[in-house]
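See structure below.
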Amino acid sequence: MSTPSKRPLSPHLQIYRLPITAVLSISHRFSGVALVVGMMFLAWALVAAAMGPTSWATVRALVVSWPGVVLLFVWTWVLFFHFCNGVRHLLWDLGYGFSLENAGNYGWSVIAASVALTVVTWVLAAGGA
Amino acid sequence: MSRIRSSGTAGRGAPHWWMQRLSALVLAPVVLWLVLSLATIATLDHATVTTWIASPTNAMLLAALVLVVCFHMALGLQVIIEDYVHVPRAAAMGILAVRAGSGLVAVVSIGAVLKIAMGAD
């Protein structure tokens, strides 16, 4: 009985595939919050180092454990993602990269660059340690 | 309280916007320095780590990084609160808590760096 409507349906969040720019936009916020947790971890590590070898041993044990390494790896990527996306925001502030194809390309560049920087960091870390 | 309430995007939006970007610009090179340093530090034993922190250049850069990171994160968290918390009183309390928390993290971290740099045990 219902006649199919020719009118466009509004994009519904649950079935609408978000464009890369929208995914990056909200990810910047999430990664920022994750980095706040990272800063708290850094503060804890610094305090433990200042308190002496016994306290530091706890930090070290966590950092060299498997969950610790995974956490640090993810944190490195989150940091570089926020870093690269932040650079993209700064470029926008200067007036660059607003055309539609540029917005998409820069978006994918952010992901590629953050992955590359993360891999380089961990290759360096593996070589040093 | 009144000062905090007026410092939302409606009141002091432009300085907040500038500070967010200025701190990002300052952080970019310092963050790269820290990641590179941590990735290439020889071992993670206490002596190596504290010796690295105690070097004047490292201690100064580390303290500066902590300070600017805490500033940058207080600004960022403030925007999140302003976007999602629509009860003005709750938002003001949240922003106050964010500032106090960020300040505490900065003070504690810089205190730790200073203690290591001065070699006090």
Handout entry: Subset of segment B:80-100 [touching a helix residue (DSSP H, G or I) at 6+ places or on another chain (Cβ under 8 Å) and in a helix (DSSP H, G or I)]
Key = B:Ile80, B:Ile81, B:Glu82, B:Pro88, B:Ala91, B:Ala92, B:Gly94, B:Ile95, B:Leu96, B:Val98, B:Arg99
Exercise for the section: Could you pull out the residue among A:Ser25, A:Ser31 that is closer than 19 Å to B:Gln20 by Cα, assigned to a helix (DSSP H, G or I), more than 11 Å from chain B (Cβ to nearest Cβ) and out of contact with any Asp or Glu (no Cβ under 8 Å at 6 or more places or on another chain)? Expected result: A:Ser25
Practice task
Return yes when B:Thr57 is hydroxyl-bearing (Ser, Thr, Tyr), facing another protein chain (nearest Cβ under 10 Å) and out of contact with any Phe, Trp or Tyr (no Cβ under 6 Å at 6 or more places or on another chain) and no when it is not.
Solution key: no
Completion exercise
Going through segment A:15-50 in order, the residues found to be at pLDDT 95 or above and of a type in the set (S, T, N, Q) are A:Ser31
Exercise for the section: Kindly indicate whether any position in segment B:55-67 is under 19 Å from A:Ala34 (Cβ atoms), in a helix (DSSP H, G or I), out of contact with any His (no Cβ under 8 Å at 6 or more places or on another chain) and open to solvent by 20 Å² or more (accessible area, probe 1.4 Å). Expected result: no
Practice task
Would you check which residues across segment A:34-43 are at the interface with another protein chain (Cβ under 9 Å from one of its Cβ atoms) and crowded, with 16+ Cβ neighbours inside 10 Å and list them?
Solution key: A:Leu35, A:Val36, A:Met39, A:Leu42, A:Ala43
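The values are calculated or read from the model by the stated rules, or taken from the named source; none is laboratory data. Because the structure is predicted, anything quoted here is derived from the model rather than measured. With ideal geometry, Cβ positions are generated from the backbone for all residues, glycine too; neighbour counts draw on all protein chains shown. Accessible surface is based on the protein model in full, side chains and every heavy atom, while ligands, DNA and RNA are left aside. Shrake-Rupley method; radii C 1.70, N 1.55, O 1.52, S 1.80 Å.
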